[in-house]
Amino acid sequence: MIKITKRTVCRLCDSPELELGCHIHGTPVAEKYGATRAEARCVPDSPLDLYRCRDCGHVQLLDLVEAGFLFDEHYTYRSGQTEAIIRHFQEYAKEAWEKWGLQRGDLVVEIGSNDGTLLKEFQKLGAKVLGVDPASTIAAEAVAAGVETIVAFFDEKVAAKIKASHGEAKLVVANNVFAHSDNLQTIAAGVSDLLRADGVFMFEVSYLQDVLEKCLLGTIFHEHFSYHAVTPLARFMRRNAMEIVDVKRVGIQGGSIIVSAKKAGAPYAVDKGVAAILRAESESQLNTLGRLQDFERMLRKLCDETKAFVEKAKNEGKTFGGFGAARSGTTLIAQLGIADDIDFILDNHPDKVGRFSAGYGIEVLPVSSLAERPVDYLFVFAWVHAKNIIAANPGFVAGGGKWITCVPKLEVTG
Ligand SMILES: [Zn+2]
């Protein structure tokens, strides 16, 4: 049994004034690939509805799957795995170093440091580094690679301990974590306390504007509690004695923002882009109920179109597979209602091959098996990499197959 609790106050401002903004169909916790079909099918659907705070506008999940179930030893995501991410981190570290005037020996702390890929880049530049991550297996890999890592969920207590043992930090970094934590208040308070007077907090999160505009369905999953926009965040930072000084939009995860907040009073000017992005959010009514309702309508339309397409093709005897055992695939399958139509999922990831997808028990096969088990259509579940996947597998189309991408709209190519 998975325990699900319902949050009753906003993550950013503690207001109890919360309203349902967009219904998302219940979905199995996507990372729970099972060793057998039966085991995989035991993972139940859990709610994924998007709620909105009437006071600060923050968009968030309120139904919480217990943390021990979400982030256990089977948690397979490792940031160092793709070259694109490593390159992104190299640039990220270099830019942060120059922008905030870091010097050799300065302490850089990363919350949710994963396998230490980003901290290694800061280490190369001469920083002292310390990681904090709750996943013990991955943290051990980071330590083995020379990145000191504390196994913990970062909070005010952990921050106080770090301050006592390592001193104050010039830079605290939290990538993705800041959307993946239920208790943002204790993280922000801890960060604020840990920072030097001239310290900066940088975090990267999916951007609500991109999620809604591009229908980034794959970014909506149970570990992703918060769907951030700058307006509610600015207020939240002020509440924790920090001020947003820079916001940069980047393409990662289909659309994210890198937000930098200085300790209140630190000697950095606020970038002009901050006011511009706040204005754009206001003009596009980003954090309003109407915008979320529009998103739900778009989702339903996408679902109806996909189902109609699949049904027609099935009646003609066509077969379907999926490409990419990414977390986003499970959310897509659930929203589109196509679990029974997918014969297998192709992926070469060693942690996924031979396993079965959470909730639906769809087998994961290596990409090479497509030769023995051809299908008429392949859904691109790893939608972020759609172009590369299609380009890297020309044999599928040459053999008569067609690709289906459904984010942000249904497209059949081949
Ligand atoms: Zn709020």
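Read the figures in this text as sums done on the coordinates, not as results from a lab. Keep in mind that this is a model prediction, so the values were computed, not measured. For neighbour counting, all protein chains shown are included, and Cβ atoms are generated from backbone atoms with ideal geometry for every residue, glycine included.
Give the Kirkwood hydrodynamic radius (Å, one decimal) of region 79-287, defined as one over the mean of 1/r across all pairs of different Cα atoms.
17.2 Å
Could you pull out every Cys in the chain that lacks a partner Cys with its beta carbon under 4.7 Å away?
Cysteines lacking a close Cβ partner in the chain: Cys22, Cys42, Cys215, Cys303, Cys406.
Taking the Cβ of Asp198 as the centre, find all other residues whose Cβ is under 9 Å away and add up their charges (Lys, Arg: +1; Asp, Glu: -1). Mind dumping the intermediate values first?
Details: positive: Lys170, Arg196, Lys262, Lys263; negative: none.
Local charge sum for Asp198: +4.
Give the lysines whose C-alpha is closer than 19 Å to that of Lys3, dropping any in the same chain fewer than 8 places away, or say none.
Lys32
Give me the angle, in degrees from 0 to 90, between the Cα long axis of helix 327-336 and the longest principal axis of the Cα atoms of the chain, rounded to the nearest 10.
It works out to around 50 degrees.
Please give, to one decimal in nm, the separation of the simple spin-label points placed at Arg238 and Ser368, each 7 Å out from Cα toward the Cβ.
Distance between label points: 6.0 nm.
Taking a cut-off of 28 Å between Cα atoms, list the lysines near Lys262, but don't count ones fewer than 8 places away on the same chain.
In chain and number order, the partners are Lys94, Lys99, Lys120, Lys124, Lys128, Lys157, Lys161, Lys163, Lys170, Lys248, Lys272.
Name the residue, out of Ala127, Ala169, Ala280, whose mean-square fluctuation peaks in a Gaussian network model built on the chain with Cα pairs under 10 Å.
Ala280
As an exercise, find the ratio Rg/Rh for region 212-314 from alpha-carbon atoms, using the Kirkwood inverse-distance average for Rh. Mind showing how you got there, number by number?
Values: Rg = 17.7 Å, Rh = 16.1 Å.
Ratio of gyration radius to Kirkwood radius for region 212-314: 1.10.
Between beta-carbons, use under 13 Å as the cut-off and find the net charge around Thr306, counting Lys and Arg +1, Asp and Glu -1. Present the calculation step by step, with values, prior to reporting the outcome.
Numbers: positive: Arg300, Lys301, Lys307, Lys312, Lys314, Lys409; negative: Asp304, Glu305, Glu311, Asp341, Glu411.
Summing Lys/Arg as +1 and Asp/Glu as -1 gives +1.
Under 27 Å from the Cα of Lys301, which lysines turn up, not counting those fewer than eight places away in the same chain?
Excluding near neighbours in sequence, the set is Lys214, Lys312, Lys314, Lys318, Lys387, Lys402, Lys409.
Can you run the Rg to Rh ratio on region 113-229? Use alpha carbon positions and the Kirkwood inverse-distance Rh.
Ratio value, two decimals: 0.99.
For helix 83-99, report the angle its Cα long axis makes with the longest principal axis of the Cα atoms of the chain; keep it between 0 and 90° and round to the nearest 10°.
Between the helix axis and the principal axis of the chain, the angle is about 20 degrees.
May I ask you to list the GluC sites (Glu not before Pro) in region 314-414 that are in a DSSP loop and have at most 11 other Cβ atoms within 10 Å of their Cβ?
Qualifying residues, ordered by number: Glu316, Glu372.
Binning at 10 angstrom from zero up to the longest distance, how are the C-alpha pair distances of region 301-414 distributed in percent?
Spelled out bin by bin, region 301-414 gives 14, 52, 32, 2 percent.
How much length, in nm to one decimal, is gained on full extension between Arg196 and Asp343, taken as 0.36 nm per residue of separation minus their Cα-Cα distance? Don't skip to the answer; put the middle values down first.
Details: separation 147, 0.36 × 147 = 52.92 nm, distance 5.45 nm.
Full extension of this stretch gives 47.5 nm more.
With Kirkwood's inverse mean 1/r over C-alpha pairs for Rh, give me the Rg to Rh ratio of the chain, two decimals please.
Here the Rg-to-Rh quotient is 0.97.
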